[in-house]
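S.K.: This is the structure I have questions about; it appears just below.
The values are calculated or read from the model by the stated rules, or taken from the named source; none is laboratory data. Everything numeric in this text was worked out from a predicted model, so none of it was measured. Don't worry about glycine lacking a Cβ; one is built from the backbone with ideal geometry, like all the others, and counts go over all protein chains shown.
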Amino acid sequence: MSTSLAGGLAQLDATAQAELVRTGHVSARELVESAIERIDSLNPQLNAVVTPLYDRALSKATAVDGPFAGVPYLLKDLIVEVAGTRFTEGSAFLRDHVSSIDSVLVTRLERAGLVIVGRTNTPEFGLAPTTEPTLHGATRNPWDTTRSTSGSSGGSAAAVAARMVPMAHGNDLGGSLRYPASACGLFGLKPTRGRVSLAPNYGDVISGWAVEHALTRSVRDSAALLDAVTGPEPGDPYWPGAPVRPFAAEVDAAPGPLRLAYSARTAAGELGHPDCVAALDDAVKLCASLGHDLVEADLPTIEMEVGDAIGTVYNAAAAWIVDYWVRRLGRDPGPDELDPLTRAFWEAGRTVSAAAYLRAVEVLQRYAREVARFLTSYDAWLAPTLSTPPLPLGEITSTPDEPLRALERGGRTVEYPHVVANITGNPAMSVPLSWNADGLPIGVHVLGRYGDEATLFRLAGQLERACPWGDRVPSVCAS
């Protein structure tokens, strides 16, 4: 492989890298070796990769096939397991844990030809909107290394933005794909509930709130990857139905004139940060110029009963997560093995009764029907993704004396009601259309109808062609 080609690999998306392997211009091993060099070079500045899997990756790169043959890939260190490798979920409680099984998603990723080269940083159990766990330390944003990547897929987002790999795994229980996509200038799609199986360990996670997918630089990579891993396993509790045609075919298809609702108001009815409002304004003007019908309209209001139900489910979820690992490890966490925020959530969640949890689920399912009725009038709903630009590192952290500090301060960054996509199961995406005067990316969020990723991919593809973002590079980036 020539020096010039090696230098150019970092700037190619996954689809283009796979094409080089198919046409014989590079080998899968050369792709993987190049990614390893980039990770080793950039990771000391970013702390995105917490568990390298280089030996395993090089052994797997000798015989690969599939749509992404030979393309290096990173797995977020949460939910998805790889047999024989360390798996911590960002917690000192799991510091030395080694997985004994492969998640079905891992099997499908490798069947698609992807080569897993490591695992990325995440807040402990994915519970905070920043990636600063005590165990692994903070991941730094490649656009400004004093800033947060948001969370909880922050390690993956930093790695993709810096061109360590062309795309990386993430999951989303309340915005954890979309928030770091906004903070790091990437495309982040949350699929419909059940689109990607959580087998074999889980049927669902938190009544279907959690979903799996990836952070990508291009829309086409996201669509083709979803095609490669979608589909139910026997016994899965949800399946939204197969798409009419491959998602990859939607990216270049004209969406036609869409009726799009939008709002710059947060769940509390306030305006977000001016940079975030400006990003939405620009997106609305762009969509109007592309022939879409834009209507200012708010989602159904999240009343106190709904807000309380969200809190009940989240507290119960945190307690379930810790108790799940207590059962698997056969012991309770030690006094220094949980971050203060996690311990506070665990203690609060253990007071939630089964009846209270089921009541909360019922309230949220009723609210989901209101959202579904709202979306019968619109093809999608737009808002800023984050309510502030990425905050400085250290702002969204807790201490033993202030265990809820991370929740309170992090909540200021995620004031738009994007957990609605998790409550309803609807697909949603963050599109990197704007950068502020400080050079920080500001994403625009699009909530779609249930099962309708196709419309989102068509719109995203159109936006990417009209306002390309792929050539924008952060200050910390592979050359």
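S.K.: Touching a residue at least 40 places away in the same chain (Cβ under 8 Å), surrounded by fewer than 24 Cβ atoms within 10 Å (Cβ to Cβ) and closer than 19 Å to residue 229 by Cβ: which single residue out of 173, 135 fits that description?
M.R.: Checking each option against the conditions leaves just 173.
So that you can scan it fast, the table gives a plain yes or no per residue for (1) under 21 Å from residue 474 (Cα atoms); (2) in contact with a strand residue (DSSP E or B) (Cβ under 6 Å, 6 or more places away or on another chain); (3) modelled with pLDDT of 95 or more:
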| residue | (1), (2), (3) |
| --- | --- |
| 371 | no, no, yes |
| 374 | no, no, yes |
| 389 | yes, no, yes |
| 405 | no, no, yes |
| 408 | no, no, yes |
| 423 | no, no, yes |
| 430 | yes, yes, yes |
| 441 | yes, yes, yes |
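S.K.: Of all residues in the range 358-410, which are buried (at least 20 other Cβ atoms within 10 Å of the Cβ), outside any loop (DSSP other than H, G, I, E, B) and not β-branched (Val, Ile, Thr)?
M.R.: 360, 364, 367, 380, 381, 382, 383, 384, 406, 410
S.K.: Next question. Just one of the numbered conditions (1) of a type in the set (D, E, K, R); (2) surrounded by 24 or more Cβ atoms within 10 Å (Cβ to Cβ); (3) closer than 24 Å to residue 33 by Cα is not true of residue 178; which one?
M.R.: Looking at each condition in turn, residue 178 falls short on (3).
S.K.: Same structure again: Looking at the range 224-249, which of its residues are surrounded by 21 or more Cβ atoms within 10 Å (Cβ to Cβ) and either in contact with a Leu (Cβ under 8 Å, 6 or more places away or on another chain) or within 17 Å of residue 447 (Cβ to Cβ) (or both)?
M.R.: 226, 229, 247
S.K.: Restricting attention to the range 53-71, does a residue exist that is touching a Leu at 6+ places or on another chain (Cβ under 6 Å), modelled with pLDDT of 95 or more, farther than 20 Å from residue 197 by Cβ and not hydroxyl-bearing (Ser, Thr, Tyr)?
M.R.: Scanning the range 53-71 turns up at least one residue that is touching a Leu at 6+ places or on another chain (Cβ under 6 Å), modelled with pLDDT of 95 or more, farther than 20 Å from residue 197 by Cβ and not hydroxyl-bearing (Ser, Thr, Tyr).
S.K.: Further question on the same structure: Search the range 391-411 for residues that are over 18 Å from residue 135 (Cα atoms) and pair each with any residue that is part of a strand (DSSP E or B) when their beta-carbon atoms are under 7 Å apart and the residues are at least 6 apart or on different chains.
M.R.: 391/147; 392/147
S.K.: Taking interchain pairs and intrachain pairs at least six residues apart, which have beta carbon atoms under 9 angstrom, with the first residue in the range 228-248 and under 14 Å from residue 105 (Cα atoms) and the second acidic (Asp, Glu)?
M.R.: 229/212; 236/204
S.K.: Here are some residues: 137, 155, 170, 174. Which one is in contact with a Pro (Cβ under 9 Å, 6 or more places away or on another chain), part of a loop (DSSP other than H, G, I, E, B) and not hydrophobic (A, V, I, L, M, F, W, C)?
M.R.: 174
S.K.: If residue 100 satisfies every condition in (1) within 29 Å of residue 314 (Cα to Cα); (2) in a helix (DSSP H, G or I); (3) without any contact (Cβ under 8 Å) to a residue 60 or more places away in the chain; (4) polar (S, T, N, Q) but one, which is the exception?
M.R.: Condition not satisfied by residue 100: (2).
S.K.: For the range 443-457, which positions are over 14 Å from residue 247 (Cβ atoms), buried (at least 24 other Cβ atoms within 10 Å of the Cβ) and either without any contact (Cβ under 8 Å) to a residue 60 or more places away in the chain or not aliphatic (A, V, I, L, M) (or both)?
M.R.: Kept after step one, since they are over 14 Å from residue 247 (Cβ atoms), are these residues of the range 443-457: 443-447, 449-450.
Applying the additional criterion that residues be buried (at least 24 other Cβ atoms within 10 Å of the Cβ) yields 443-447.
Those that are over 14 Å from residue 247 (Cβ atoms), buried (at least 24 other Cβ atoms within 10 Å of the Cβ) and either without any contact (Cβ under 8 Å) to a residue 60 or more places away in the chain or not aliphatic (A, V, I, L, M) (or both): 443, 445.
S.K.: So which residues in the range 280-300 are in a helix (DSSP H, G or I) and either of a type in the set (Ser, Thr, Tyr) or out of contact with any helix residue (DSSP H, G or I) (no Cβ under 9 Å at 6 or more places or on another chain) (or both), if there are any at all?
M.R.: Applying the first criterion (in a helix (DSSP H, G or I)) to the range 280-300 yields 280-289.
Once the filter is applied, which keeps residues that are in a helix (DSSP H, G or I) and either of a type in the set (Ser, Thr, Tyr) or out of contact with any helix residue (DSSP H, G or I) (no Cβ under 9 Å at 6 or more places or on another chain) (or both), the range 280-300 yields 280, 281, 282, 284, 285, 288, 289.
S.K.: Could you please let me know if residue 275 is acidic (Asp, Glu), closer than 30 Å to residue 469 by Cα and part of a helix (DSSP H, G or I)?
M.R.: yes
S.K.: So, residue 16, is that one surrounded by fewer than 18 Cβ atoms within 10 Å (Cβ to Cβ), of a type outside the set (D, E, K, R) and part of a loop (DSSP other than H, G, I, E, B) or not?
M.R.: No, not satisfied.
S.K.: Now for a different question. Which residue pairs have Cβ atoms closer than 6 Å, lie 6 or more positions apart in sequence or on different chains, and pair a first residue in the range 458-479 that is among the polar types (S, T, N, Q) with a second residue that is surrounded by 19 or more Cβ atoms within 10 Å (Cβ to Cβ)?
M.R.: These pairs meet every condition: 462/255.
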